[in-house]
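So the structure is just underneath, and the comments pick up after that.
Taken together, the values in this text are just the output of simple stated rules run on the coordinates, not laboratory data. Owing to the predicted nature of the structure, the values given are computational and were not obtained by experimental measurement.
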Amino acid sequence: MDTLVQGYNLIESMDDCTYVSVPTHVKASSIGAHYRHHLEHVQILLQNLHDTTVDYDCRPRSCKIEQDRQFALCYTQKLIEQIKNLTEHDLDKTLVVAHRTCTQDETRCAPSTLRREILFLVSHTIHHYALIKLIAESFGAHIHKHFGVMPSTLVHLNQN
């Protein structure tokens, strides 16, 4: 949940133009596109709590999240509230995760738990935050040096 709050705070601090703009000097998606992508992974996981299978490839790919910063912020708040309401029992729920690993093969499935998938999503989200940071900085934004950095990396750096 802390990771979602970090993203919320960054997106809230920027203007609408920065959120939707695509860098012209590199081939990259907009901040909104990266933010949408990670939010939809969280959405898919939380939507499928009552099912047995979570398929990250079956995302809605909502243009509204990508193009409307205020909508993305409201959506983030809803996801944070859903995560806050998870119980230990919920976190230990077993799931089957479906995911395409290449274009030639069928979807692969593997057993998991909600807790394990949340760990995956934290890593996935931070990866996209690192890209968001690069894009934001290319537009002249000053982003905190720890944004988009894995907690394990921060701990390692603090030990040295």
Projected onto their principal axes, the Cα atoms of the chain stretch, largest extent first, over whole-Å spans of 44, 40, 32
GNM of the chain, Cα pairs under 10 angstrom: of Thr125, Thr52, Thr18, the biggest fluctuation goes to Thr52
Length-normalised contact order of the chain, Cα under 8 Å, at least 6 apart, in percent, tallies to 24
The answer for Thr113, listing residues at least 5 apart or on another chain whose modeled amide H is closer than 5 Å to its amide H, is Leu95
